[in-house]
1. Does the range 200-215 hold any residues that are in contact with a Ser or Thr (Cβ under 8 Å, 6 or more places away or on another chain), within 9 Å of D137 (Cα to Cα) and of a type outside the set (D, E), and which are they?
2. For I158, are the conditions met, namely being surrounded by fewer than 18 Cβ atoms within 10 Å (Cβ to Cβ) and among the β-branched types (V, I, T)?
3. Only one of these is within 27 Å of R73 (Cα to Cα) and in contact (Cβ under 8 Å) with a residue 24 or more places away in the chain: I202, I238, I216, I210. Name it.
4. Among the candidates R177, R146, R139, single out the residue that is farther than 22 Å from L93 by Cα, of a type in the set (D, E, K, R), surrounded by 15 or more Cβ atoms within 10 Å (Cβ to Cβ) and modelled with pLDDT of 90 or more.
5. Would you check if there is a residue in the range 156-166 being within 23 Å of F39 (Cβ to Cβ), assigned to a helix (DSSP H, G or I) and in contact with a helix residue (DSSP H, G or I) (Cβ under 6 Å, 6 or more places away or on another chain)?
6. Only one of (1) small (G, A, S); (2) at pLDDT 95 or above; (3) under 23 Å from G211 (Cα atoms) is not met by G103, so which one is it?
7. Name every residue in the range 90-108 that is free of Cβ contacts under 8 Å to residues at least 40 places away in the same chain and surrounded by fewer than 16 Cβ atoms within 10 Å (Cβ to Cβ), in order of residue number.
8. Working only within the range 94-149, note down all residues that are in a helix (DSSP H, G or I) and small (G, A, S).
Amino acid sequence: MGNNEFRVFGQREMAMEMDTCVISLGGSIIVPKEIDTVFLKRFREIILEVKETRFVIICGGGSVCRDYQTVAREVTPATQADLDWIGIQATRLNAELVRSMFGTMAHAKVIHDPSEPIDTDKWIIIGAGFRPGSSTDLRAVQLAERFGAAQVINMSNIDHVYSADPKKDPDAKKLPRLSWADFRKLVGDEWDPGLNTPFDPIASRAAEAIGLTVVIIGNDIQNLERLLKGETFRGTTIA
């Protein structure tokens, strides 16, 4: 489907009565510069504390992805598809790490194609990148629809949506809540490998189309714990 890849599943996954929580886990917090063992240990503990919930965790690429993409650009005029495939493989490596953290409690296979059969009774499912043209955010949206989840929790190194880039504009304000229409005005409609936005433009279009809520909460693990417990949390809700 290339750069305009966008598909909404016509049927939600049935025969699964458990509530589903979908987390888009940014590679920037799995591997900021080196693998963040402290974060991953605490993340595992928090997930295992939540009962009667299925977790679908989609892993991003992080610094591994960007380092390899940078080298590819320096060595040769790499195509967008080449850069995407580098990123996809980085997400798959991170996903295998996260899957291994949960051992036999997780589905034995990392999910790449969000429409592939998932024959498992495990309550933790790990996913990664699939094909060029979008980030793992889109996979999270597609799997949220498939399992009937109402929202996607987005964890990355971005803690809120801001009115402007806070690195460039000291007057940029945190936005606790905004509509998809307003969010898409901020991030645009174009995908670029290595793009660093709170939620990628292609995934945003898909989420808006199905009425999905996305919650941006940054990399604070205690913030995730509060959200999962239904307590007050810091972040931006897009709906």
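The values are calculated or read from the model by the stated rules, or taken from the named source; none is laboratory data. In this text the structure is predicted, and so the values were computed from the model without any measurement. Please note: Cβ atoms are built from the backbone with ideal geometry, for glycine as well, and neighbour counts cover all protein chains shown.
1. I202, A203
2. On the way: surrounded by fewer than 18 Cβ atoms within 10 Å (Cβ to Cβ): no; among the β-branched types (V, I, T): yes.
The answer is no for I158.
3. Numbers: I238 fails: within 27 Å of R73 (Cα to Cα); I216 fails: within 27 Å of R73 (Cα to Cα); I210 fails: within 27 Å of R73 (Cα to Cα).
The match here is I202.
4. On the way: R177 fails: surrounded by 15 or more Cβ atoms within 10 Å (Cβ to Cβ); R139 fails: farther than 22 Å from L93 by Cα.
After ruling out the rest, the residue left standing is R146.
5. No, the range 156-166 contains no residue that is within 23 Å of F39 (Cβ to Cβ), assigned to a helix (DSSP H, G or I) and in contact with a helix residue (DSSP H, G or I) (Cβ under 6 Å, 6 or more places away or on another chain).
6. Among (1) small (G, A, S); (2) at pLDDT 95 or above; (3) under 23 Å from G211 (Cα atoms), G103 violates only (3).
7. Within the range 90-108, the subset free of Cβ contacts under 8 Å to residues at least 40 places away in the same chain is 92-93, 95-96, 99-100, 103-104, 106-108.
E96, S100, G103, T104, A108 - these are the residues of the range 90-108 that are free of Cβ contacts under 8 Å to residues at least 40 places away in the same chain and surrounded by fewer than 16 Cβ atoms within 10 Å (Cβ to Cβ).
8. Of the residues in the range 94-149, the ones in a helix (DSSP H, G or I) are 94-105, 136-147.
Across the range 94-149, the qualifying residues are A95, S100, G103, A140, A144.
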